[in-house]
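Shown next, in structure tokens, is the structure this report addresses.
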Amino acid sequence: MSATVSPSTKEEPSKEERLKSFLTEKAADGEMYFKSKFIADEVGLSPKEIGALMVKLKDSATEIEVEKWSYTSATTWRIEPA
């Protein structure tokens, strides 16, 4: 006998939506600086995925402003509410 799994009625947000929501919430009180490797666990993405998504968000996000701020051992991103 096999169990029937019903499809979920609510879709999970995309990786990009998840990251954008996280950053919008964190930047609500003002600007924020971060490196992908330090937020990876909180967002549930790899630092590499975050870096790729940040490039997309820089052009598409309307809720936040995204700036590639500096590069030392890894890119630092600057986020502020739009």
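Rule-based calculations on the coordinates, nothing more; no lab input. These figures come from a predicted structure and were not determined experimentally.
Phi-derived couplings, Karplus 6.51 cos²θ - 1.76 cosθ + 1.60 at θ = phi - 60°, listed residue by residue for the stretch 49-56: 4, 4, x, 5, 5, 4, 4, 5 Hz, with x used for Gly and Pro.
Couplings for the stretch 65-78, taken from phi via the Karplus curve 6.51 cos²θ - 1.76 cosθ + 1.60 with θ = phi - 60°, read 9, 10, 9, 6, 8, 7, 9, 10, 7, 7, 5, 9, 10, 10 Hz in order; Gly and Pro are left as x. For the chain, averaging the sequence separation of C-alpha pairs within contact (under 8 Å, six or more residues apart) and dividing by the residue count gives a relative contact order of 33 percent.
Length gained on full extension, Glu11 to Ala40: 8.3 nm, using 0.36 nm per residue less the C-alpha separation.
Along the stretch 27-42 the Karplus relation, 6.51 cos²θ - 1.76 cosθ + 1.60 evaluated at θ = phi - 60°, assigns HN-Hα couplings of 8, 4, 8, x, 5, 9, 10, 7, 10, 3, 5, 8, 10, 3, 5, 5 Hz to successive residues, with x for each Gly and Pro. Put simply, the amide H of Glu63, placed in the peptide plane, has no neighbours under 5 Å, leaving out anything fewer than 5 places away on its chain. Taking each DSSP H run with n ≥ 4 as -39500 (n - 2.57) and averaging over every residue of the chain yields -12500 deg cm²/dmol at 222 nm. Average 1/r across all pairs of distinct alpha carbons in the chain, invert it, and you get the Kirkwood radius: 13.8 Å. Taking only Cα atoms and a 10 Å spring cutoff, compute GNM fluctuations for the chain and point out the largest among Ala40, Ala61, Ala52. With Cα springs under 10 Å in the chain, the top fluctuation among Ala40, Ala61, Ala52 is at Ala52.
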